[in-house]
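Read the structure below first, then the notes.
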Amino acid sequence: MNTGMQTSSLTPMGATTTTNPVGKHGGGWRIRNKKNMMEIVAAHNIPYAATVNPSYPMDFIKKIEKAKSIKGPSYIHAYSVCPTGWRYQPELGLEISRLATETGIFPLYEFENGTYTINYKKKTKQVIEYYKLQGRFRHLPEDFVKEVQMAIDKEWQRLQDKEECSHRQKL
């Protein structure tokens, strides 16, 4: 968690922050994709890890309850909006939060004892719909947004493949 709207390893590709490099190799926005914390946690093979988004409260509650019941470490990666830092009107928070999941930018899934389960499979929106509501992305050229879309689509496919493979191995 950052204060003062600094960049971090979890800042999404293309976002401006108060500490992004400018100059020859940086246009004032993050040029790399964010780290995938769920993959880092899964690599440590803990018993349970999940992503949660407050726009999906029943899924959120179910995963918190499951994490509490697990013996051993659990990890919950929560999506959280920031109207000030992301430069949008606060009343758009719920919509932005939903779009994060509907675009695949923040997929809802679990990793339990080596098995991936995607909890929201309706990736129906394009990244531009999420980006256009936030001032931190307004500077981006169209071709960069297309690159981001391709990266998100690739990650979504990888997640689906992991789910399929991990369930097949359980059979």
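All of the numbers you see were taken from the coordinates with simple rules; none came from a lab. From a predicted model like this one, the values you see are computed outputs, not experimental measurements. Using ideal geometry, Cβ is built from the backbone for each residue, glycine included, and neighbour counts are taken over all protein chains shown.
For ASP153, ASP143, ASP161, ASP59, which order do you get if you count the other beta carbons within 10 Å of each Cβ and list the fewest first?
Numbers: ASP153 15, ASP143 7, ASP161 11, ASP59 19.
Result, fewest neighbours first: ASP143, ASP161, ASP153, ASP59.
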So who's got an amide H within less than 5 Å of the one on PHE106, skipping anything under 5 residues away but keeping other chains? H placed 1.01 Å off N, in plane. THR101
Once Rh for the range 37-170 is found with the Kirkwood sum over Cα pairs, what is the Stokes-Einstein diffusion coefficient at 4 °C and 1.567 mPa s, in µm²/s? 82 µm²/s
Set the Förster distance to 45 Å, then compute FRET efficiency between ILE46 and GLU147 from the Cβ-Cβ distance, nearest 0.05. 0.90
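For THR117 and LEU94, calculate 0.36 nm times their separation in residues minus their Cα-Cα distance, and state this gained length in nm to one decimal. All intermediate terms of the calculation are to be shown ahead of the outcome.
Working: separation 23, 0.36 × 23 = 8.28 nm, distance 2.41 nm.
In short, 5.9 nm is gained.
Can you tell me the length gained on complete extension of the stretch LYS35 to CYS165, counting 0.36 nm per residue apart and subtracting the Cα distance? The partial results should precede the final answer.
Values: separation 130, 0.36 × 130 = 46.80 nm, distance 2.24 nm.
Using 0.36 nm per residue and subtracting the Cα-Cα distance, I get 44.6 nm.
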Förster radius 35 Å - calculated FRET efficiency between ILE128 and LYS62 (Cβ-Cβ, nearest 0.05): 0.70
Determine ³J(HN,Hα), in whole Hz, for all residues of the range 147-155 in sequence, where each value follows from phi through the Karplus function 6.51 cos²θ - 1.76 cosθ + 1.60 and θ = phi - 60°; x replaces Gly and Pro. 4, 4, 4, 5, 5, 5, 4, 5, 5
